[in-house]
Amino acid sequence: MSTITILGAGVMGSAMCLPARDCGHAVRLVGTHLDTEIIDSVKATGRHLKLNVRLPDGVTGYQHDEFAKALGTDTDLLLLGISSAGVAWAIDRLCETLKAPVPVVMITKGMHPEESRLTALPDRVASEVKRRTGLDLRLAAIGGPCIAGELAVRRQTGTVITAHDLPFAQSLCDMLETDYYHPRLSGDVIGVEICAAFKNFFAIGVGWAAGHLEKMAATENRAFNHNAAAIIFDQAIRELMVLVRAHGGTEQSVWGMPGAGDLYVTAQAGRNSRLGNNLGRGLTYRQTKDGPMKGDTIEGAELGVTVAKTLRAMMKAGTLDAKALPLTNALLDALTNDSALDIPWAQFHRM
Ligand SMILES: NC(=O)c1ccc[n+]([C@@H]2O[C@H](COP(=O)([O-])OP(=O)(O)OC[C@H]3O[C@@H](n4cnc5c(N)ncnc54)[C@H](O)[C@@H]3O)[C@@H](O)[C@H]2O)c1
């Protein structure tokens, strides 16, 4: 039995309590400063307010200012459950709290933009902690299709755990596997991370189709718009391959659980596809954020805005083939210029 400390008590970080506890580990769930009510409830009744389930016995809740106490000197694995907006906050907490290296696994989906390429978040966290504290952290990441609310009730779930250090990633698969949670090994950190982050971005494109259906006049036979969603899905997979290849990743990640699997799940529901629905109805990103999705964090849109400059610089420099990325460019334009999302059908791949 090991001790797993989870930092970030949102839905996904907290859902990871299930496989962790069912594998017999002691679990300490630490909220951020934004999770105070969730942790109050976990401490009082064991219930998670957002997941709407009672977490298993043996999960202990801690508030953000109790992180050092939760980490102690006996944490075997630290799981970062924050979303991309919380990564800088988590790096600060690690730097001020860690006295010795502890193995870390992240579920966060996002990319760090540099001038001429994108960096995976685990690499970014490791290099920042090294720069600021001198500590060498071993980092892994979990990708693949996983809806928190399903995992929280032990629905069958397949994920991918990736790290540069393959035996480390394998040890995490072994540590977390149950009869309903099936982590699989990958050494393709950048490929898995690009898929994990960009499937949110492309889910906006796939979601456009259902929203656009509402804008079109109803037809005699009440036709849906699934064909349109499918061709956008296909183009998204092609463009994921271009992005992954340009960063040195492998196509296996794109057609496997991190890419196709996760895009399928993300396109079914959630905030990214809802933004796509609204763009399909004819709203712009800003109109959606000021209206039907006020206050919502839309990770795929935030990613697009964050990485637009780097991707455009890469296309200009020829390290990314702009002609092979029409959907990416249409999404970037819609998000950064606050313009209508025009799907460039004729520019989609032909072979
Ligand atoms: N929901 C899922 O099914 C799912 C599945 C796999 C991976 N993920 C990824 O896991 C991450 C968390 O997602 P979630 O669905 O649990 O989201 P959530 O909104 O439920 O939780 C977000 C977590 O990040 C913290 N956070 C947000 N902004 C912060 C800030 N500015 N400073 C400090 N902390 C901040 C919150 O306090 C909370 O702990 C995301 O990157 C998401 O893409 C989610």
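None of the figures in this text is laboratory data; all of them are computed from the coordinates on show. Since this is a predicted model, take the numbers as computed values, not measurements. FYI the Cβ positions are ideal-geometry reconstructions off the backbone, even for glycines, and counts take in every protein chain you see.
With the highest mean first, a sort of the peptides 190-198, 121-129, 318-326, 305-313 on other beta-carbon atoms found within 10 angstrom per residue produces 190-198, 121-129, 305-313, 318-326. Say each of Ala85 and Glu114 gets a label point 7 Å from the Cα, pointing the same way as Cα to Cβ; how far apart are those two points in nm? Going from the Ala85 label point to the Glu114 one covers 2.8 nm.
Placing a pseudo-label 7 Å from each Cα along the Cα-to-Cβ vector at Ala217 and Leu166 gives an inter-label distance of 6.0 nm.
The lysines whose alpha-carbon is closer than 24 Å to the alpha-carbon of Lys309, local same-chain residues fewer than 8 away aside, are Lys109, Lys199, Lys289, Lys323. Reducing the stretch 35-62 and the stretch 156-198 to their Cα centroids gives an inter-centroid distance of 26 Å. Summary of packing: across the peptides 247-257, 204-214, the per-residue average of other C-beta atoms within 10 Å ranks them, highest first, as 204-214, 247-257.
When only alpha carbons are used to place a centre, the stretch 99-122 and the stretch 211-229 end up 40 Å from one another.
Other residues whose C-beta falls under 14 angstrom from the C-beta of Asn200 contribute a net charge of -2, scoring Lys and Arg +1 and Asp and Glu -1.
For Lys69, a cut-off of 17 angstrom between C-alpha atoms picks up these lysines, skipping any fewer than 8 places away in its own chain: Lys43, Lys99.
Residue ranges 130-143, 11-24, 91-104 sort as 11-24, 130-143, 91-104 when ordered by packing (mean number of other C-beta atoms within 10 Å per residue, highest first).
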